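Taken together, the values in this text are just the output of simple stated rules run on the coordinates, not laboratory data. Since the model is a prediction, treat every value here as computed from it, not as a measurement. Ideal geometry is used to build each Cβ from the backbone, glycine not excepted, and the neighbour counts take in all protein chains shown.
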DNA sequence: CGTCCACTTTCTAAAAAGTGGACGGTGCGTTAGT
């Protein structure tokens, strides 16, 4: 079948969006693909169509359960009814029933962690898969090394599944992240489709402060003046909560905070209110944003510098999905970098802790290495990291490790930690350099992502004398507040269709 | 490194100032027994 015919039949569209067709073609001819496409290009369509035309099943690895639930709903609405997500939202009996009837599903969403479950694994292995999809594939590099190490094991399950065609999709990946993806998914021969990460409708502004007290006033002025809705990122949970209480005191009621320390239902509520335009501003840590597809976000303020350029680009990329002019504003003070610096220095165990965990001290002889991890006083992320590597070495539940192996492990782990720290510090220095450099902010980002520089644009960035003033004005918001909620609902429906 | 909190010290009786130390960001899974 012609691809265009299938597109028309299943979606009613006449033309593919840039990048879609080439990837579908590669998939159909049996090639692995690494696709970097800007958000809103319709990445989902690629593997929906791919699976349909291959007359097979797709296993889709997705990073967040909330995102998975949304995707399953969207698939069903789009007519792909045989779709399911395997995650902790399922209770015991539902899970058993889904696993038992797994062959009846065409699209199965999973987290990297649940792939470790032996029942899930054996159910998956008992049927044929045409596509192995890794959505938000930059997570392999961004989270896999320490925070969610099971991201590094995806190649193992892929092989067990008989090496179905592998499709890795992301919106932002530096050359280094692309390499990580291809290495850890063992798809070195993959066809690579990289599209520019440039978002011409987002103007980029950096403002430096030498007095930290002035930053809050500036942020409040911006929030007052800028056309919303907007997102403001802070470094810490407490910082987000405090800023919101200041804004509430000043009479701004349509503002809430969001961070990973909140209860699931509270997070969901805030997110829904924001998506429904009941909130004009969300003040949050980097927990907020992935999978958020609100088209009309007009600005993203960074109240602190983020820890790396990739994270920054992902965060500002949430603005202006509707292609309308939008602003990214970073309010920088040198002390911003202290929090990320702290995390880099302390999230992984230091040499003493490694020595302690792998020691032959008599006092520890009664404890397995797993138990020693809690005793060593390392961070939760550090524990995850160590659990993963000690388990791979087959010693996690041992009380005693032969001396030779012990010394080798110490050496390997210390080296690995040292490398990770070095890389992260390099990223931190890189964003600091980007902030301080007075050249074109956009071209520096393009260069960082391995792209060619572009000719000067209008309203490009603070390095190119862009003017923030044109993003001021609150007209639309005032009109919105007079809408009856029924009208608002209708408007949202129309927007989605 | 800076901030916040609990606790102690100050010095003289109620509250302020000092000190030590813990903490700081991302998420999956969890299947025990009222």
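Things worth noting here:
- Classified by the C-alpha gyration tensor, the stretch A:1-92 has a prolate form. Its axis ratio a/c, with a ≥ b ≥ c, is 1.5 or above, and a/b is larger than b/c.
- Debye-sum result for the stretch A:359-478 in log10 I(q)/I(0), which assumes one identical scatterer on each alpha carbon, at q = 0.09, 0.12, 0.13, 0.23 Å⁻¹: -0.53, -0.67, -0.71, -1.30
- Panel values: the stretch A:229-279, Kirkwood radius from alpha carbon pairs, Stokes-Einstein at 37 °C and 0.692 mPa s, translational diffusion coefficient 288 µm²/s.
- Counting all C-alpha pairs of chain A, share separated by more than 40 Å (%): 26
- Each peptide in A:464-471, A:292-299 receives the mean, over its residues, of other Cβ atoms within 10 Å, and ordering these scores from highest gives A:292-299, A:464-471.
- Cα centroid of the stretch A:199-242 to Cα centroid of the stretch A:75-96, whole Å: 39
- Estimated [θ] at 222 nm from DSSP helical runs (n ≥ 4, -39500 (n - 2.57)) normalised by residues in chain A, nearest 500: -13500 deg cm²/dmol
- Gyration tensor verdict on the stretch A:3-194 (Cα atoms; rounded if a/c is under 1.5, prolate if a/b is larger than b/c, oblate otherwise): oblate
- Scattering curve values for the stretch A:283-376, log₁₀ I(q)/I(0), Debye with Cα scatterers, q = 0.17 Å⁻¹: -0.79
- Among A:329-338, A:254-263, the peptide with the highest mean count of other Cβ atoms within 10 Å heads the list, and the full ranking is A:329-338, A:254-263.
- Whole-number percent relative contact order across chain A, with pairs defined as alpha carbons under 8 Å at least 6 apart: 14
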